Every structure is written in C-alpha cells, then in structure tokens.
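Some notes on the structure that comes next.
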Amino acid sequence: MTAFLNKKEGFTHYLGTLKYALYVITHPFDGFWDLTHEKRGSIAAANTILFLTLLVRIMKLQFTSFVFLQVYWEGINILLYLASVLFPLALWCVGNWGLTTLFDGKGTLKQIYMATCYGLTPYPLIQFPLILFSNVVTYDEAEFYGVLSAISLIWAALLILAAMIQIHEYTVKKTLFFTVATGFAMLVMIFILLLFFSMISQGIAYFISIGREILFRM
Amino acid sequence: MKNIIKRISALLAGVMVLCSQPLEVCAEKGYTYNYDWWEDVQYSPDLYEVIGVFTASDLGITDKFSSPQGLYVCGSTVYICDTGNNRIVEMERTKFNNFSCKRIIDSFQGDVETTTFASPTDIAVSEDGYLYIADMNNGRILKLDQDLNYVMQFDKPVDSTIDPSASFLPSKISIDTAGRVYCVATNINQGLIKYENDGTFSGFVGATKVTYDWTDYLWKRLATKEQRAQLASFVPTEYSNLYMDTEGFIYACTVNVTEEDLAAGNATPIRKLNLMGDDILVRNGSFPVVGDLWWNGGTSGYDGPSLMTDITALDNDIYVGLDRVRGRMFGYNDQGNLVFVFGGNGNMDGYFRQPAAIDHMGHDLLVLDSVDCSITLFAPTEFGGLVYDAIEQFQDGKYYESGETWKQVMVQNGNYDLAYIGIGRSLLRQEKYHEAMEYFELKWDYKNYSKAFKQYRKEWVEEHIVMILLVLFLVICLPLFVGKVKKIKHEIDTADIFKV
C-alpha cells in the first residue's frame, strides 16, 4: 500500500515538474531560479521534454505538408537525424560545465542538462501545432509558418541563455561571453574526437597491415 | 564506458561517411533523360530519333563541306553556310527522309567591289524573301534578292564605343518582320547590334547589366593602379547566337558563363529578349535554365558546365539549346521546365563531334556539325509526338484532351514529371481540385499544389460551414458555461444559509 502511495506520489511529483516547464517558459528568470534552487524541476521531466523534441523532429519529417518541408527519404538516417540534436546537446552540456566550473559557475552537470532541456520546451510546444497548421495553409501563406517556426527556435535560445544566468549565478555579460566560449569548447571537442578516432583507425590499420605482411611471409 | 566510446565512434564514422560520399550521378548511359524535382537524372524513352545524317556527297555535291557554321530553315528550304569553302548551299527537303541540293551560292551580281564571300557564317531570310548573309571576313552583312542581285549592305557601326581600327566581324544574324537586322559580332560585347531596315545603326540591344558586389568594390578601392589593371574588368557578356521566334522575341544564348555564377544561380546562358532588350524568359522550373546540372564528366572526359552555342524556338514555345561541350540538346517549355535532354559526343548517328548550329522544321530538328561536316535530322518519336500534342492542346485551351494525352505519356514513361504536372494542370482547369492536388504532390510541385489546395479549401469550408461554426461555438461557449456552473456551485457550497 505504501509502495503504491509512494509510486502515486512520485508520479504526481513528476507531473508537477513537467507542468512547471510551462511556468518556466513564461517566467524564465524566476522559473529557472526555482527550478534548481527550490527543486521544482526533475530529470525525468527534462528527459520527457527532450524526448518530445526528438519526437516532433521526426514527426515533422513525415507529417509536415510538402509545401514547407520536402524530405529526400533516400538520404535520411533516423539515428543520425536524432544524433543531430543529441550530439550537440551533449557537447553543449559537457563544454558548458567544463568551462563554468573553472569560472565560479554554480551549476552542476545535472542542473545544466535539466535547465537546457527545460529551455527546449517551446520547440515541441510550437512545432506540434505547426505540423497541423502546415496542412491547412498554401504556399502564399508560407510567411506565417516561417515566422512561427523561427519564434520557436529564438524563444528556446533565449530561454537557455536565461537558464545559464540563473544556474551559474552569472551576470548577463558573463553569460554571453561563456556561451560563445562554450561554442569554441564544442569545436575543440569535435576536433579532438575526430583526431582521436582518425589516430585510432590509423593505428588499427597499421597493425592489420603488419599482421597481413607476416601472414604473407609465413 | 567502452560501449559509449564505441557508439560515438560509430556515429562519427557515419557522419564522416555521409560527408565524404561523392554524389553518384552518371548521366553517361542512356540517350534521352530528364531531371526530377530532386535534380536526379531520370532516363526517358527517346523523344527524338535520327532520321538521317547528311553529308555533302549525300546531297550530290562533289567537294565536301569545310567547317560549316550557319544553318537556316525557311519553310522546307535549308541553307547551310559552308564557311570554309566560302559558299552557301541551298537545299530542299524533298521527302521525309531526304534532301536535294537546289543551288550553290558562291557569288552574286551587283555593283560592288567583291561579289564573292569570305567566310560567310550565317544566313537569314526575311518574310519578303530577301537573303541576309553575314559575310564575316569582308566585314559586312549583305542583303540579296532571291535571284542573287545585290540590294544593299550593312557595314561596321559608327559608334564611340567601338574601336575604329578593329575589324568588324559579324558572325550571327537575325531579321525581324520589319526588315531590321540584329547581329552578333565577334569582339563586340555591348549586346546585339541593331540596324534599321535602311542600313543605319540604331544601337545595341540586350546588353547584360554589369553587376558587382561590395567585395569587388572593396578590392578595387584597396588595390593599386597596377593591380587594378590586372583584375578582370567587368564587361557585359558576348552572345554566341540568336534566334527570332514567330512572335518577334529574340532568344539569345551565351557561352560566357562561369561555374561560380551557375552554382549561385546567377548565370543566364539562355535569354529571351523583348524589343527593349530586357530578358523576359520565364524561369518557373524547379531548377535553372542552364543545361546540364551535373558537370562532373566521370569517364566521358567532358567536364564543366554546358555551353550553349545555338538555340532555336519551336512554334509551341519550346526552345532547344545546343550544348557544344557534350553535344546535347536541351528542350525547355514556356515555363522553363526541362522537356528533354538528348545527344552526346561521338561518331554514331545522333552523336556529334562539334555541333555548331541548330534549327527546326516544324517539330523536326536539324543540327549542323562543323567537324563532321554533316547535318543530322531528328524527328519526334511516338513518345515525343505525344508530349508535343499534350503541350499544344493545353496551349489551345483543350484542357481535358491535354490531360488525356498526358495520361498516355505517363503510360509510356512513369518517371516523366511533366506528365504528372500536366495532368494536374488539366484537372485544375476542370475544377477537380482534390485530384489535381494528388498529382502535384507526387511530383513536388508545391506552387501548383497550393493553387489547387486554395480552391479545395474554399470548397471544403463552404460545404462544412455549419459544422465549423458549431465546433467554434462549442469551443468558445463550453468553457464559459462550465465556469458559470462551477461559480454557482462554489457560491452554494459557501453560502451562509447552509452553514449550520
């Protein structure tokens, strides 16, 4: 019985934290402060928002009217397509955390991830109705679609900025600086990863060719 | 941890493979093709077949042509400028698949110094039967009557923009109904030279606007005088050929295109000029009117963009450009959609070594090859005939018939985008909007789809207006009603009378 109650309570808490995303997007400064400091958010809700974002990205491909989005299905790899969101997100969280810990940032990696995901909320929130909307408008009314789509992205970007201000307890100037710096950190990480994997593959190729040579001579 | 690294590495490998994979396009197999909306090559049944390849000996002329440059068709008469032999061959199409030589023009009578030609490069015939000949190395355009009597000549224009010491080399000409002469001359890049019918020079037509962006401007400001002299000067392009269609518009083509311009979509190798010299070519196709879209020659060894050396326009507003790089012909319709591409380089019939000029006789096409010294005659196949029928029926306002013909085209080639769009446009005219939408959607024609959808949406709203209003009413009124009920309930619950 207590287990059931706990479970139910946990679920209610989860719903509460998910619903809190709607408060965050309209009251970013207040919202992101309470998100971590008052424990009003949860990783589960953050995961849900990220999942919805990925879902809407895929649903967009299939259900948006071809007037606005033409999909060359032969060139689409769903996993790579999802990675185009997840990979930059992972780089962003790690890069941002790595930099801000060195410069008095108060946020932990978990908090950065959670706040960034909460910041993504406007994307699924606007893009889902936009999929339906795209099917009732014509090419002449494309501007509405474009503007709404742009709003969802700009809103999310501004929210993530606000989140960084509150989580790290930074000034606006410092946040902007570290956002740009995080961009460079992401590039450095990509560079190192590429270097790493090309080295590894060359190393492997070297040993394979030695092995082959030995086999030929034997 | 290992697992994660493995996964990320797999992902990165995937990204790298995706980025480094060259686009696999081989346009080298198959004779006739077209591009679909994605600019992928779609092979097609032939729209044209070779009826015959005619050399001088086939026409009963003893000495062979020498680098012929000009071709002109007037009714069933064909003129060939046999440039290297300084003569013009006039021949008649006697049968569907045969020509016979009518006469060889190598001199004329008249009160002028030279009564022979020096490298005649083009000929045109006016409506009242006068022959106009671009006598290139004599620096004049001759006007002769049908009995080869000298009438007049058009000389080098006197204009401050033309260097008086440079020789005048008229290469291609066209005549309008009023007897005005339009001329393309070598080394003159101000546009087409226009003469009035009395021989006076009246200006240049169709000069390309010279544009440069702010980076060019900045470079020029920073460069020294010597460096500036070395920078490429911004000059208008020189035309390579021109053709006057039945409505008096000039189709002109140029080979002065850069790959950068083509890639950026700024190049206009084919233009349609009105009397003011403005380019009025309709470019509504999903890709630009530039010939081939893929320039990597692969195994063929022919690299670079298509270079249009000549152009002709049929009476149904389909214009055909001739690409001298790959020996291909590109047919576009009046909306700028590609109708067909065929041809190639080689020695077989239907392939060329150095195509120089193209003209048409009805729906048939004639191509002059200046190295092979032959003309190739093409006639539409059954498939090509159907495509032309469908296009012409639509132009004549027979929308239903046009749709039916396009359906026959689609039976023969299910990959032909114009057939789907043609059926869609026919249905659109018949006000069958929903069916039209399906055809447009199949071939990604979102502009026409939007036209059909707009009408369909209007019809749908008119049919379902009661339901829409009902839903709207419910959506607006239901929350109000629920709120009211809740308020009353709250008042009852908290009312003083019920307090014990």
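The values are calculated or read from the model by the stated rules, or taken from the named source; none is laboratory data. The structure displayed is predicted, hence computed values, not measured ones. Every residue, glycine as well, gets a Cβ built from its backbone with ideal geometry; the counts of neighbours run over all protein chains shown. We work out accessible area using only protein heavy atoms, side chains counted, and drop any ligands, DNA or RNA first. Shrake-Rupley method; radii C 1.70, N 1.55, O 1.52, S 1.80 Å.
Summary of values
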{"read-out": "Placed amide H near residue B:281: partners under 5 Å, 5+ positions off or other chain", "value": "B:272"}
{"read-out": "Neighbour-limited loop hits for trypsin sites (Lys or Arg not before Pro), segment B:402-500 (at most 12 other Cβ within 10 Å; DSSP other than H, G, I, E, B)", "value": "B:499"}
{"read-out": "Accessible area of segment B:75-124 divided out per residue, in Å², using a probe of 1.4 angstrom", "value": "42 Å²"}
{"read-out": "Positions from segment B:452-500 whose accessible area shrinks by 50 Å² or more when the full protein complex is built, not the chain alone, probe 1.4 Å", "value": "B:453, B:457"}
{"read-out": "Qualifying chymotrypsin sites (Phe, Trp or Tyr not before Pro) for segment B:107-157 [loop in DSSP, other Cβ within 10 Å: at most 12]", "value": "none"}
{"read-out": "Portion, in percent, of the accessible area of the protein assembly as shown that falls on carbon or sulfur, probe 1.4 Å", "value": "60 percent"}
{"read-out": "Threshold 20 Å² - residues in segment A:185-204 whose accessible area is reduced by that much or more when the chain is no longer isolated, probe 1.4 Å", "value": "A:194, A:197"}
{"read-out": "Segment A:2-180, accessible area per residue, ligands and nucleic acids excluded (1.4 Å, Å²)", "value": "53 Å²"}
{"read-out": "Cleavage-rule hits (trypsin sites (Lys or Arg not before Pro)) in segment B:96-200: DSSP loop, at most 13 neighbouring Cβ within 10 angstrom", "value": "none"}
{"read-out": "Solvent-accessible area per residue, Å², over segment B:399-463 with all protein chains present [probe radius 1.4 Å]", "value": "54 Å²"}
{"read-out": "GluC sites (Glu not before Pro), loop per DSSP, at most 16 other Cβ atoms within 10 Å - longest free stretch of chain A", "value": "A:39-168"}
{"read-out": "Summed buried accessible area for A+B [probe radius 1.4 Å, Å², rounded to 100]", "value": "1900 Å²"}
{"read-out": "Other-chain or far-sequence residues with amide H under 5 Å of residue B:32's (modelled H)", "value": "B:44"}
{"read-out": "Kyte-Doolittle at least 1.0, axis length at least 27 Å by Cα - qualifying DSSP helices, chain A", "value": "A:43-63, A:78-102, A:142-168, A:172-217"}
{"read-out": "Along chain B, longest interval not containing exposed GluC sites (Glu not before Pro), exposed being DSSP loop plus at most 15 other Cβ atoms within 10 Å", "value": "B:248-430"}
{"read-out": "For residue B:140, distant residues with modelled amide H under 5 Å away", "value": "B:135"}
{"read-out": "For chain A, the longest site-free run once trypsin sites (Lys or Arg not before Pro) in DSSP loop states with at most 14 other Cβ atoms within 10 Å are removed", "value": "A:107-218"}
{"read-out": "Over segment B:42-380, relative contact order from alpha-carbon pairs under 8 Å, at least 6 apart, %", "value": "14 percent"}
{"read-out": "Delta accessible area of at least 20 Å² on complex formation, residues of segment A:53-90, 1.4 Å probe, chain isolated as reference", "value": "A:66, A:67, A:70, A:71, A:72, A:80, A:83, A:87"}
{"read-out": "Pairs from A:8/A:110; B:194/B:272; A:8/B:486; B:432/B:458; A:106/A:173 whose Cα-Cα separation, in the structure shown, is over 19 Å", "value": "A:8/A:110; A:8/B:486"}
{"read-out": "Rg to Rh, two decimals, where the protein assembly as shown supplies the alpha carbon set and Rh follows Kirkwood", "value": "1.11"}
